[in-house]
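Below is one structure, written out as structure tokens; the observations come after it.
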Amino acid sequence: MAPIPIISPINVGHIDDVIELSKTKPDTIPQRFVRDITERPTIATLTPNKAHIITTPANNHHHHMPIIDFSNLSKHNTHELFLHELLNLATACKNWGFFQVVNHGVDLNLMESIEKMSNEFFMLPLEEKQKYPMLPGTIQGYGQAFVFSEDQKLDWCNMLALAIEPQHARNPNLWPKKPEKFSETLEEYSREVRKLCENLVKYIAIGLGLKEEAFDSMFGEAVQAIRINYYPACSRPELVMGLSPHSDGSALTVLQQAKGSPVGLQILKDGIWIPVHTLPNALVINIGDTIEVLTNGKYKSVEHRAVANENKDRLSLVTFYAPSYEVELGPMPEFVDANHPCKFRRYNHGEYSKHYITHRLQGKKALDFAKIQTRNAF
Ligand code: OGA
Ligand code: NI
């Protein structure tokens, strides 16, 4: 039988390249990027230097994202120091779902190199970048992800997304040949970030009172992917969104914000969008949907977004660490009891990922896939 031609049912219309737009028409914001009023970032959150100073002392401490010194966990330090940092980590996961890690062990030169090469990639002529196109409905290559219709608003961002592990998930045609050594550097960087993720899930497990291999043994050969986001400066940042609000479909996410980048990442905490000020050389970690499900909601995958900046371009490198697609997941029995009824059904992680990447980013909506709908009891 002749193969049935696959015609993409997705009509996404024309998608402007944002980097080109900001270069050639810096004062124009095409309508497709202008958000509905209810979806615009508010002025307060766009001026982070003022916005993060919350004047009421009672809640002030809520506005400093926790900092974890990884060397206290990984080096052979005193037991007291280890326990102290483990408690910090557990508290950060529970109360924030986001934290910064310092002394994380990822080589700083390597972080600098991949950052520099990523910048060089995005500065290449459009024709060069379009040799690696992210086709509608896919999430690898250069372009815009999560666009599924012609009337959908677009993010003020271009990205290069690549699967890293397992090897067979890679599409070698989409790995940039320029700048020279990009692929090799990305590979080396990803190996180090993977080690950090493996260690983090261990310490997170111990902090939850589980065996250290509890998550890793469940994940199988963990899936790893990278998304390098480039947010050009925007003359009207109050009208656009850099990256739509979402939670990550991973177990853990590791974000590196390039040196000299303006503040742009914001997390939704207690109903308020809080700008994230990153420390130099730190990595920002967040809990993804997988860990929310496994812990039955004890640790939450926090909604976040990125806003554009009026004067400066911004670059971030985001690694996603997730279970193997074959794995079946659901809340672990340790987190389910009479006071904590089971919130999620069991599902196959591959199906979850498929669901995630075939819907537009919309807050925490992707997790509805796994939610057990409870009816109000009288
Ligand atoms: C992401 C993400 C935020 C940023 O890529 O999932 O949340 O600051 N990025 O780039
Ligand atoms: Ni994210």
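Every read-out reported here was derived from the displayed coordinates using simple, explicitly stated rules and does not represent laboratory data. Values in this document were obtained by computation on a predicted structure and should not be read as measured data. Neighbour counts are summed over all protein chains in view; Cβ atoms, including those assigned to glycine, are modelled from backbone coordinates with ideal geometry.
In the calculated pair distance distribution of the stretch 105-149, what percentage of Cα-Cα distances lie above 17 Å? Mind showing how you got there, number by number?
On the way: 487 of 990 pairs.
Of the Cα pairs, 49 percent sit more than 17 Å apart.
From the convex hull of the Cα coordinates of the stretch 227-373, what is the mean projected area in square nanometres? Intermediate values should be presented prior to the final figure.
Working: hull surface 38.8 nm².
So the Cα hull casts an average projection of 9.7 nm².
Averaging sequence separations of C-alpha pairs under 8 Å and six or more residues apart, then dividing by the length of the chain, give the relative contact order as a whole percent. Before the final figure, lay out each step's value.
On the way: 706 pairs, mean separation 74.1, N = 378.
That works out to 20 percent.
Counting other Cβ atoms within 10 Å, keep those with at most 16, restrict to DSSP loop, and tell me which chymotrypsin sites (Phe, Trp or Tyr not before Pro) in the stretch 118-166 are left.
Details: sites: PHE121, PHE122, TYR142, PHE146, PHE148, TRP156; in loops: PHE146, PHE148, TRP156.
In loop regions of the stretch 118-166 (DSSP not H, G, I, E or B), the sparsely surrounded chymotrypsin sites (Phe, Trp or Tyr not before Pro) are PHE148.
What Rg and what Dmax come out for the chain when only alpha-carbon atoms are used, in angstroms?
Radius of gyration, then largest Cα-Cα span, for the chain: 20.6, 72 Å.
Output ³J(HN,Hα) for the stretch 254-265: one whole-Hz value per residue in order, computed from phi by the Karplus curve 6.51 cos²θ - 1.76 cosθ + 1.60 with θ = phi - 60°, and x for Gly and Pro.
My calculation for the stretch 254-265 gives 10, 10, 10, 9, 5, 4, x, 6, x, 4, x, 6 Hz in order.
By how many nm would the segment from GLU213 to LYS94 lengthen if fully extended, with 0.36 nm per residue of separation less the alpha-carbon distance? Numbers along the way, then the final one.
On the way: separation 119, 0.36 × 119 = 42.84 nm, distance 1.98 nm.
Going from the current span to full extension adds 40.9 nm.
Between GLN167 and GLU20, how high is the FRET efficiency from 1/(1 + (r/R0)^6) when r is the Cβ-Cβ distance and R₀ = 30 Å? Nearest 0.05.
Details: r = 33 Å, r/R0 = 1.10.
After rounding to 0.05, the efficiency reads 0.35.
Please list the radius of gyration and Dmax for the stretch 203-305, considering alpha-carbon atoms only, with Å as the unit.
Reported Rg and Dmax, both Å: 15.7, 51.
Quick one: P(r) of the stretch 83-135 from all Cα-Cα pairs, 5 Å bins, percents rounded to integers, in order of increasing distance.
Whole-percent P(r) values from 0 Å outward: 4, 14, 13, 13, 11, 12, 13, 9, 7, 3, 0.
Classify the stretch 126-209: rounded, prolate or oblate, from the alpha-carbon gyration tensor (a ≥ b ≥ c, eigenvalue square roots; a/c under 1.5 rounded; otherwise prolate if a/b is larger than b/c)? Present the calculation step by step, with values, prior to reporting the outcome.
On the way: a/c = 2.68, a/b = 1.46, b/c = 1.84.
Because a/c hits 1.5 or more and a/b fails to exceed b/c, the stretch 126-209 counts as oblate.
Going by amide H atoms built from the backbone, whose H comes under 5 Å of the H on GLY242, apart from near neighbours?
Hits under the 5 Å cutoff: TRP156, ALA306, VAL307, ALA308.
For the stretch 336-378, state which trypsin sites (Lys or Arg not before Pro) are in a DSSP loop and have at most 12 other beta carbons lying within 10 Å of their beta carbon. Can you show the working numbers first?
Values: sites: LYS343, ARG345, ARG346, LYS354, ARG360, LYS364, LYS365, LYS371, ARG375; in loops: LYS343, ARG345, ARG346, ARG360, LYS364, ARG375.
For trypsin sites (Lys or Arg not before Pro) across the stretch 336-378 that sit outside H, G, I, E and B with at most 12 neighbouring Cβ atoms in 10 Å, the list reads ARG346, ARG375.
Take peptides 289-301, 270-282, 314-326 and line them up by average Cβ neighbours within 10 Å, highest first, as a rough protection proxy. Show your work: numbers first, answer last.
Details: 289-301: 23.2, 270-282: 15.6, 314-326: 21.6.
Descending mean neighbour count gives 289-301, 314-326, 270-282.
Exactly which GluC sites (Glu not before Pro) in the stretch 127-225 are in a DSSP loop and have at most 15 other Cβ atoms within 10 Å?
Values: sites: GLU127, GLU128, GLU150, GLU180, GLU184, GLU187, GLU188, GLU192, GLU198, GLU212, GLU213, GLU221; in loops: GLU150, GLU180, GLU212, GLU213, GLU221.
Hits after loop and neighbour filter: GLU150, GLU180, GLU212, GLU213, GLU221.
What full-extension length gain, to one decimal in nm, is calculated for ASN339 and LEU87 as 0.36 nm per residue of separation minus the Cα-Cα distance? Present the calculation step by step, with values, prior to reporting the outcome.
On the way: separation 252, 0.36 × 252 = 90.72 nm, distance 2.34 nm.
My answer for the length gained is 88.4 nm.
Between the stretch 312-378 and the stretch 143-170, how many Å separate their Cα centres?
The stretch 312-378 and the stretch 143-170 have Cα centres separated by 20 Å.
Which of the three applies to the stretch 167-249, rounded, prolate or oblate, going by the alpha-carbon gyration tensor with a ≥ b ≥ c and a/c under 1.5 meaning rounded?
Working: a/c = 2.66, a/b = 1.38, b/c = 1.93.
It comes out oblate by the Cα gyration axes.
Multiply the residue separation of GLN362 and GLU150 by 0.36 nm, subtract the distance between their alpha-carbon atoms, and state the gained length in nm to one decimal. Present the calculation step by step, with values, prior to reporting the outcome.
Details: separation 212, 0.36 × 212 = 76.32 nm, distance 1.66 nm.
Fully extending the segment from GLN362 to GLU150 adds 74.7 nm.
Under a Cβ-only charge scheme (Lys and Arg +1, Asp and Glu -1), can you give me the dipole magnitude of the chain about the Cα centre, in debye to the nearest 20?
Numbers: 39 positive and 43 negative charges, 144 e Å.
Charge dipole of the chain: 700 debye, to the nearest 20.
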